[in-house]
Every structure is written in C-alpha cells, then in structure tokens.
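Scroll down for the structure; my scribbles are underneath it.
Values quoted throughout were computed directly from the atomic coordinates according to the rules given, and no laboratory measurement underlies them. Note that the structure is a prediction, hence the values are computed from the model and not measured. For neighbour counting, all protein chains shown are included, and Cβ atoms are generated from backbone atoms with ideal geometry for every residue, glycine included.
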Amino acid sequence: MIDRYLLRYFLAVVDNGNFSRAALQCRVSQPTLSVGIANLEARLGRPLFLRTNRRVELTAAGTRFMTHARRIEVEFAEAERAVRDEAPSRLVRLGVVTTLPSGWIERALIAARAGGERLELVEGRMRDLTPLLDRGRVDAVLGPNADTPLFTEGYAMALPDGHPLAGRESVAVEDVAGETMIVRRHCEALADISRFFTARGVRPFMAARTTNDDRAAAYVRAGLGVTVMPRCFAQSGIVLIELAGFSATRAIGFSIAPGSAARLADSEGFARFSDAIRDLAV
C-alpha cells in the first residue's frame, strides 16, 4: 500500500519542478522528501523522475502515475470533506490567456459561479499555461490554437474615437505610418504585426510597451498612441478599423487536459463559462 504522504511528495515535485521547493511546500526537509520519493519508486519498481543538476523531469512511468496520483488525492480530499459533513464541491481549474478582455472573463465567471462549483483561475501566456495543462495543474486553458474552438476573430487598428481617421472603414499602412504606437507584448500576432509594418518601411515611435491589454486599451483611449488589437477589444472610447492587407486571425477556445475531459463534460460551471464566452463573441 502507498501512503498518502508519498503521493503528496510526488505531486509537490511535479508541481514545483525541483526537490527543494517541493520540500518547502510539504514542510519537510529536502533529505526527508528525497527519501520518500526513493521509497515510492522502490515500491512501484520504476523510476518516476529523471534528475539532473538543473531540473527534474518525469519519466514515462512518472507521467502515467501522475494522472492516477492526482485522482487519488482528489478522492482523499472529498472523503475528508464527507467525514466532516461538508458538501463536496467540484473544483474547476481554468487557465486563461491574458489577451482576452477582463470584462469578458468577469461575465463568464459570473455565469459559471451560478453552477455552484468552485473555480480556480491561472493567468498567463499560452506558452506558460500549456505546461500546466500537460502536468494536470489546470483542467482546461482558454486561449488560441485550441482543441475546441469557440470563435475566430481578426485584428484591427485601435484608435481613440476622436482620432481624425476614426470615421473610416479601413486604413492603409501609409495612413498610420506617422502615428505613435503602443506595443502589446503578449499579443499572439506580435511577430506578424511587426513584420507587416517593417516590410512596408514603417518603424514608428513606441510610446509604451505593455503586457496588460486593458492598460493598452486605456493608453489608446487617452490618445497616447494607436495599436493593433483583436476585435474582441471593441469598447467605448475606442474605434477598431480594418488595417488593409493585414489578414491574420486567431481561433480562441479550450484546450482540455486528457485526465479532465470526463469531469468537465459533467461540469455545469464549465459549460456556463464556455457558453458565456461564445455568446460574447457573437
């Protein structure tokens, strides 16, 4: 029989990526944790981690064991709540890319909470959230290049509504060549946007570089500069106009962890969250 504390040691190493941080999380010394992992590997008859001086990685056996270990830990927690006469509450863990409007996420969360489930959100870029998905740290990620697309949208030139070009249906590169620009550093299409302007000889002055898209929208509204944004950022004070010749699009949807598909299929909160995002995109 495998003791629960060994499962917790194992999952702590998976989640933290090394033994020292895992030991801190478990509130034990690193030698104690290392002995526990060695004991677990001996009981299973397989190495669970590949250890180097710089990092710790799961072996194939460790990856298979991780799915079961997380499920067992969830069952342990639910059993403890049941003994304490607490109604068990499903936990839905969602990763959300930062390149979606905060207002959309707010409305989707309000809809999801009506399902009576607990929600845990992790923000980041898709490249940061994907490893969490692969390790089972989140059940699903809302972002681009998803397994289950919800909507597809294009990009547009974002101008303050009082801008001289605000009344046009489209603008050419030449129209905005002299404009001060705002750089959205986490934009999925940033490389394409940069190449688009550079190929046409446009190298504008950059008034701000930000990783916060709501802040970028605020800069545009304030007249600090203009920028290229996804269509979902349409809002009061900003006019989104077609940028002639720039045809990039992005498909936004959910990528789901293999071990979470069945749970999410039965989750009212996740369904409500998904429906709200889809409805907002219409």
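Over the residues of the range 229-282, compute the C-alpha Rg and express it relative to 2.2 N^0.38 Å.
Rounded to two decimals, the normalised Rg is 1.58.
Taking semi-axes √(5λ) of the Cα gyration tensor in Å as the quantity of interest, determine which of (i) 32, 21, 18; (ii) 45, 23, 15; (iii) 37, 21, 16 was computed from the displayed structure.
So the calculated entry is the one marked (ii).
Note the full-extension length gain between Met206 and Ala38 as 0.36 nm times their separation in residues minus their Cα-Cα distance, in nm to one decimal.
55.1 nm
Any idea what the relative contact order of the range 150-250 is, in percent, if you count C-alpha pairs under 8 Å spaced at least 6 apart?
53
Could you pull out every residue, at least 5 positions away or on a different chain, whose amide H is within less than 5 Å of the one on Ala156? Hs are placed 1.01 Å off N in the peptide plane, and Pro or chain starts have none.
Met229, Arg231
How high is the relative contact order of the chain, given as a whole-number percent (alpha carbon pairs under 8 Å, six or more residues apart)?
Answer for the chain is 22 percent.
Below 8 Å, C-alpha to C-alpha, sequence gap of six or more: please give me the relative contact order for the range 1-143 in percent.
After rounding, I find 19 percent.
Ignoring everything except DSSP H segments at least 4 long, calculate the 222 nm mean residue ellipticity for the chain; use -39,500 (n - 2.57) per segment, divide by total residues, nearest 500.
That calculation yields -13500 deg cm²/dmol at 222 nm.
So if I take the centroid of the Cα atoms in the range 13-28 and the same for the range 187-208, what is the distance between those two points in Å?
42
To the nearest 0.05, how large is the calculated FRET efficiency for Ser102 and Thr52 if R₀ is 41 Å and r is the Cβ-Cβ distance?
0.55
Take each of the peptides 162-174, 39-51, 261-273, average the number of other beta-carbon atoms within 10 Å over its residues, and list them starting from the highest.
261-273, 39-51, 162-174
Taking 22 Å as R0, compute the FRET efficiency from the Cβ-Cβ separation of Glu80 and Leu24 and round it to 0.05.
It comes to 0.40.
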